[in-house]
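Where a number appears in this text, it was derived from the coordinates with a stated rule and is not lab data. Because the structure is predicted, anything quoted here is derived from the model rather than measured. When we count neighbours, we look across all protein chains shown, and the Cβ atoms used for this are built from the backbone with ideal geometry, even at glycine.
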Amino acid sequence: MPTRASLLLPIVMVVLAACGGDHPMSTLDAHSDLTREINHIYGRIFWWTGLLFLLVQGGLIYTVLRFRAKGNETTNPEQVHGNLKLELTWTILPIFILLHIAIPTVSVIFKSQAPATEEGKVTINALGEQWWFAFEYPELGVVTANEMHVPLGKEVEIRLQSDNVIHSFWVPQLAAKRDMVPGRVNQIKFKAEKLGEFYGQCAEYCGDSHALMKLRVVVDTPEDFAKWVEAQKAPAESESATAQAGFQAFQGAGCVACHAINGTTAAAVIGPDLTHVGSRTTIASGILENTEENLKTWIKDPPGVKPGSKMPNLNLSDEQVASIAAYLQTLK
């Protein structure tokens, strides 16, 4: 016969497991000024909710114990209509609590939408596609996709747009959810407080591969960020015979009709800019690690990897696929 302790043990283990480990998509693990302020608001709501819970439950328990039937009552209790003091109390108190939550909440919302003004700020135009993210640094002359680099401790202003359906930009540890709406420019501003890679995704259902629309934000030191910018601005350099053969296969397959590679004849803007795709850690909008084998899988049958993908299955031969994948890996 199982004991109570043995029955409770699995529940305790699950609870403890949930409290530990790495949680890259947790909003409670704040690493920017914006998410830290949002957590402060969470804290306000938690403590006010806890206080209200105690007051309501305490009043309920007091009422049950104080006015419970003793078993010898012969008349109905006296009927009382209204109590001005109580009614004023439970009207004014909720108003006070709501204002205590609403004022800092609205303040953080407006602050996060204000333009960046500090020296060294970085402006990024983010465009939601189906199903990937395009990032342009207009002041720096850099265009990339799905992987955004930002400097530590500097204001980052992201202008959010979409040219198809509504998406939502969300990097839980750095930036709150904000919609990317066709015909409208939304903004979000934050300042990263920790080096490293931070995961994000689209948080608004947008079609077949919504769940596969991911991104990464890499927080660099200001010095490393400056080096990354210079590397991204440089044209693609692939002088080897393998790379040249790969570009010929890339061109022959029609990939130049959708993609741009700076320094080559490929200049289309339908798909992601591939100038330095070899330097990115992932492909296919963050769902595959950037390896040659994964590139082959993606190039061979994009809709098979990401349903509804606008990149079609071109029915390329294994030799063409291998040549293109090897070429893209050289674009560092």
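Taking θ as phi - 60° and the Karplus parameters 6.51, -1.76 and 1.60, the scalar couplings of the stretch 227-237 work out to 5, 4, 4, 4, 5, 6, 6, 6, x, 5, 10 Hz in sequence order, x denoting glycine and proline.
Label the stretch 89-168 by shape, choosing from rounded, prolate and oblate, from the square roots a ≥ b ≥ c of the eigenvalues of the Cα gyration tensor; if a/c is under 1.5 it is rounded, and otherwise prolate applies when a/b is larger than b/c, oblate when it is not. Because a/c hits 1.5 or more and a/b fails to exceed b/c, the stretch 89-168 counts as oblate. Quick check: the angle from helix 318-330's long axis to the longest principal axis of the chain, C-alpha only, nearest 10 degrees? The two axes meet at around 80 degrees. Straight-line reach from Lys296: taking Cα to Cα under 19 Å and skipping same-chain neighbours fewer than 8 places apart, the lysines in range are Lys306, Lys310, Lys332.
Set the Cα radius of gyration of the chain against 2.2 N^0.38 Å, with N its number of residues, and you get 1.39. Centroid-to-centroid, using Cα positions, the stretch 304-324 and the stretch 244-267 are 15 Å apart.
The translational diffusion coefficient of the stretch 241-330, from Stokes-Einstein at 20 °C and 1.002 mPa s with a Kirkwood hydrodynamic radius over alpha carbon pairs, comes to 165 µm²/s. Using only Cα atoms and rounding to the nearest 10 degrees, what angle (0 to 90) does helix 4-19 make with the longest principal axis of the chain? Its long axis makes an angle of about 50 degrees. Comparing Glu289, Glu118, Glu193 in a Gaussian network model of the chain, where Cα atoms under 10 Å apart are tied by springs, the biggest mean-square fluctuation is seen for Glu118. Between Gln187 and Leu160, the built amide H atoms are under 5 Å apart, and every one of these is 5 or more places off in sequence or on another chain. The local environment of Trp131, defined by Cβ-Cβ distances under 14 Å, has a net charge of -1 under the rule Lys, Arg +1 and Asp, Glu -1. Seen through its C-alpha gyration tensor, with square-root eigenvalues sorted a ≥ b ≥ c, the stretch 48-143 comes out prolate because a/c lies at 1.5 or above while a/b is bigger than b/c.
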